[in-house]
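Following: one structure in structure tokens, then a few remarks.
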Amino acid sequence: MTTGIAIRGPGAGAAALRVLQAIEMFGVGEIGGFAVFRAWSQEGGGLLSSVTQRGGSQGLTLPEGWESAPLAAVISSGPDRPLPLEQFLPGGPEGLVTGHRLPSGLTRAGVALNAHVFDLMRRGQIDQPGLEAALAAEPGLDAGLIVLPRRGPVLLANAPRVAARSDCGSFLWQNGERAVAVVLNSIAAPALTAPALAEALGAIGIEALGGPQAGYGFGALPDRLCVTLAAEERIDLDAAGVVTAIRSANPAFQRGRPGITAIYCGTPVWQGGRCLGRAVSEVWADVDAGWLTAPAARQFLWQRSL
């Protein structure tokens, strides 16, 4: 598995999905395939689940109450993983356990690692040294875990085999009862190392919980938009992050074609009369005589200027 996300706090469900969407826009690798989303919401009826084998965030059919759930976790990677998919993210009233690589790998005792750690959490018998010891005792396992209890410290650790990889990133932030944790591997993002990518994603999660503004913002194309032919490239956003204007020197916009890069990487992004950054992901759309028709997956990321 390529990535694990765990978030606790008001609106954790929405924050976890936003981080997953950011991962899918940031780079390439084993992303956008299988995904498991699980959340705990006492008001929403307990454990909420959604799984998909393909499409990542776009493939999930999320249950009622998922956005406001105060405890949420995701695991995602490439397509078509062994069933049942819920095995990769055990959860219950006590919390959730996610991770990356193969967190459900069998220990030498013949039990799934994540299920074993979840049981320890359920019984209040796991802490950070205990998690590290449990993983160190299985040096051959290809697994890293995030333990997200309903209350108390959030835990994160990799087995020695995973810790030795050069493509892993991790992020853990906790402020009172709010927490954001991310683990990842095998994702290539332009100009970002794996640790820097994990930190950027963590900041997006913190912002979604009501924290300070992250270094990256989200934009979205409307269903239809006219592109203005202009010498200088520019994207304009409204206060909600929806594109209100695209200016481009590309003459292909003025003709008809079934697919064009509507949001072009590196294009300056303007909002409120100021240039705030540049697009770092792209969106394809159909064009007919200057009018774009956006696909369903039409979000993009832009990096705020320092």
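The values are calculated or read from the model by the stated rules, or taken from the named source; none is laboratory data. This structure is a prediction, so every number in the text was calculated from the model and none was measured. Because the Cβ atoms are built from the backbone with ideal geometry, glycine has one as well, and the counts that use them run over all protein chains shown. The area values use the complete protein model at the heavy-atom level, side chains included, leaving out ligands, DNA and RNA. Shrake-Rupley method; radii C 1.70, N 1.55, O 1.52, S 1.80 Å.
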Completion exercise
Counting only residues in segment 8-28 that are part of a helix (DSSP H, G or I) and open to solvent by 10 Å² or more (accessible area, probe 1.4 Å), the one modelled with the lowest pLDDT is identified as Phe26
Problem - Candidate set: segment 130-163, residues that are of a type in the set (Gly, Ala, Ser) and under 18 Å from Gly4 (Cα atoms); chosen: the one most open to solvent (accessible area, probe 1.4 Å) - result: Ala163
Fill in the blank from the handout: Exactly one of Leu276, Leu292 is in contact with a strand residue (DSSP E or B) (Cβ under 8 Å, 6 or more places away or on another chain), within 18 Å of Asp238 (Cα to Cα) and buried (at least 20 other Cβ atoms within 10 Å of the Cβ), and that one is Leu292
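Keeping to segment 60-117, report how many residues are among the hydroxyl-bearing types (Ser, Thr, Tyr), outside any strand (DSSP E or B) and in contact with a helix residue (DSSP H, G or I) (Cβ under 7 Å, 6 or more places away or on another chain).
3
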Fill in the blank from the handout: Here the qualifying pairs (Cβ atoms under 9 Å; residues six or more apart or on different chains; first in segment 79-94 and on the phi > 0 side of the Ramachandran plot and charged (D, E, K, R); second part of a loop (DSSP other than H, G, I, E, B) and surrounded by 11 or more Cβ atoms within 10 Å (Cβ to Cβ)) come out as Asp80/Gly33; Asp80/Phe34; Asp80/Gln53; Asp80/Arg54
Problem - Among residues of segment 122-178, those that are of a type outside the set (Gly, Ala, Ser) and over 22 Å from the mean Cα position of the chain (by Cα), counted - result: 16
Practice task
Residue by residue through segment 176-191, note down the ones that are over 23 Å from Phe26 (Cα atoms) and either in contact with a Leu (Cβ under 6 Å, 6 or more places away or on another chain) or touching a residue at least 24 places away in the same chain (Cβ under 8 Å) (or both).
Solution key: Glu177, Arg178
